Amino acid sequence: MIAELLPAVARGVGLTLYVTGASLLIGGIIGLVLVGAARSPFGIVRAVATFYINVVRVIPPITWLFLIYFGLPQFALRLTTIQAAIIGFSIIASAFMAEIYRSGLLSIPEGQREAAHALGLSPITTVGHIITPQAFRVALPAIATYAIGLLKDSALASTIGVREITYYAQQAARQTHEGLLSFIVAGALYIVISLVVAVVARQVDLGLRKKIGVA
């Protein structure tokens, strides 16, 4: 039975990875803007960025999905299920990624910036070649952990009709009446993908350690 359920449920792997990857990428880019705003010398900019980050993080993911997919059509903005899922998860990811970036930046001693300034390095060079590589290495485990969490949260997209792993597991459970096995297969797929993400993150971390000479 598992041999029959696996290909049926695995049909959702591609869309699960697409929604997760797109949301993490878009959220990661927006998160860079947010962390820059949160460290802005202008109080109003910091306040707005901090408010956004705090509010987004406390609202449940499924609430965001419903607000976007069911709420926006009332304003004549109708989205596909995939678009709504990516927008919703990107909003959530942006807030969490901003906090991860902030933690990475705070881990870099101020002496690093002072030493770069003393050597006559420009702010752009300092950030691009000294601060960012170290901050990214520090933040990488947290980014990988969040990516795995986002992968699991993507199962919520099935509630608005996105045909990802959980969606097909539900379909298989209805058709075969093997609900337990269907969701065991779905869980196994999530575990395999999560392990792959963890291994890739570990390899990237090792590469960065060698590049910047950290043991």
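The values are calculated or read from the model by the stated rules, or taken from the named source; none is laboratory data. This is a predicted model, so every value here is computed, not measured. Neighbour counts run over all protein chains shown; Cβ positions are idealised from the backbone, glycine included.
Quick test for you: out of VAL204, VAL192, VAL196, pick the one residue that is assigned to a helix (DSSP H, G or I), surrounded by fewer than 21 Cβ atoms within 10 Å (Cβ to Cβ) and modelled with pLDDT under 85.
Numbers: VAL192 fails: modelled with pLDDT under 85; VAL196 fails: modelled with pLDDT under 85.
Just a single option satisfies the conditions, and that option is VAL204.
Conditions: (1) at pLDDT 95 or above; (2) exposed (fewer than 11 other Cβ atoms within 10 Å of the Cβ). PHE75 meets all but one. Number of the miss?
Just one mismatch for PHE75, condition (1).
Output yes when any residue across segment 81-104 is surrounded by 16 or more Cβ atoms within 10 Å (Cβ to Cβ), at pLDDT 75 or above and outside any helix (DSSP H, G or I), and no when none is.
no
Check segment 20-39 and report whether any residue there is surrounded by 14 or more Cβ atoms within 10 Å (Cβ to Cβ), out of contact with any Asp or Glu (no Cβ under 9 Å at 6 or more places or on another chain) and not in a helix (DSSP H, G or I).
The answer is yes; a qualifying residue exists.
Identify, from the list VAL55, VAL45, VAL9, the residue that is within 29 Å of VAL200 (Cα to Cα) and part of a helix (DSSP H, G or I). Walk me through how you get there before you give the answer.
Details: VAL55 fails: within 29 Å of VAL200 (Cα to Cα); VAL45 fails: within 29 Å of VAL200 (Cα to Cα).
Of VAL55, VAL45, VAL9, the one residue that is within 29 Å of VAL200 (Cα to Cα) and part of a helix (DSSP H, G or I) is VAL9.
Here is a check on your reading of the model: is SER182 free of Cβ contacts under 8 Å to residues at least 60 places away in the same chain and either more than 24 Å from PRO7 (Cβ to Cβ) or surrounded by 18 or more Cβ atoms within 10 Å (Cβ to Cβ) (or both)?
Values: free of Cβ contacts under 8 Å to residues at least 60 places away in the same chain: no; either more than 24 Å from PRO7 (Cβ to Cβ) or surrounded by 18 or more Cβ atoms within 10 Å (Cβ to Cβ) (or both): yes.
No; evaluated as a whole, the condition is false for this residue.
Which number in (1) hydroxyl-bearing (Ser, Thr, Tyr); (2) touching a helix residue (DSSP H, G or I) at 6+ places or on another chain (Cβ under 8 Å); (3) at pLDDT 90 or above; (4) surrounded by fewer than 19 Cβ atoms within 10 Å (Cβ to Cβ) marks the one condition that SER158 misses?
So SER158 meets the others, but not (4).
Determine whether LEU140 is surrounded by 12 or more Cβ atoms within 10 Å (Cβ to Cβ), more than 30 Å from VAL9 (Cα to Cα), in contact with a Leu (Cβ under 9 Å, 6 or more places away or on another chain) and at pLDDT 80 or above. First the steps, then the outcome.
Working: surrounded by 12 or more Cβ atoms within 10 Å (Cβ to Cβ): yes; more than 30 Å from VAL9 (Cα to Cα): yes; in contact with a Leu (Cβ under 9 Å, 6 or more places away or on another chain): yes; at pLDDT 80 or above: yes.
Yes.
Looking at segment 134-182, which of its residues are closer than 20 Å to ALA84 by Cβ, of a type in the set (Val, Ile, Thr) and either more than 18 Å from the chain's Cα centre (by Cα) or outside any helix (DSSP H, G or I) (or both)?
Of everything in segment 134-182, those that are closer than 20 Å to ALA84 by Cβ, of a type in the set (Val, Ile, Thr) and either more than 18 Å from the chain's Cα centre (by Cα) or outside any helix (DSSP H, G or I) (or both) turn out to be THR159, ILE160, VAL162, THR166.
Name the pairs whose Cβ atoms lie under 8 Å apart, with the first residue in segment 20-34 and farther than 23 Å from THR81 by Cα, the second surrounded by 18 or more Cβ atoms within 10 Å (Cβ to Cβ) and of a type in the set (Ser, Thr, Tyr), and 6 or more positions between them or separate chains?
GLY31/SER94; GLY31/TYR101; LEU32/TYR101; LEU34/TYR52; LEU34/SER94
Return the pair list, or none, for Cβ contacts closer than 9 Å from residues in segment 39-52 that are closer than 17 Å to TYR101 by Cα to residues that are outside any helix (DSSP H, G or I), at least 6 apart or on different chains.
Sorted first by the residue in segment 39-52, then by its partner, the pairs are ARG46/ARG39; ARG46/SER40; ALA49/ARG39; ALA49/SER40.
Could you identify the single residue in ILE108, ILE44 that is within 27 Å of THR125 (Cα to Cα), more than 12 Å from the chain's Cα centre (by Cα) and β-branched (Val, Ile, Thr)? Reasoning before the result, please.
Values: ILE44 fails: within 27 Å of THR125 (Cα to Cα).
When all the criteria are applied, what remains is ILE108.
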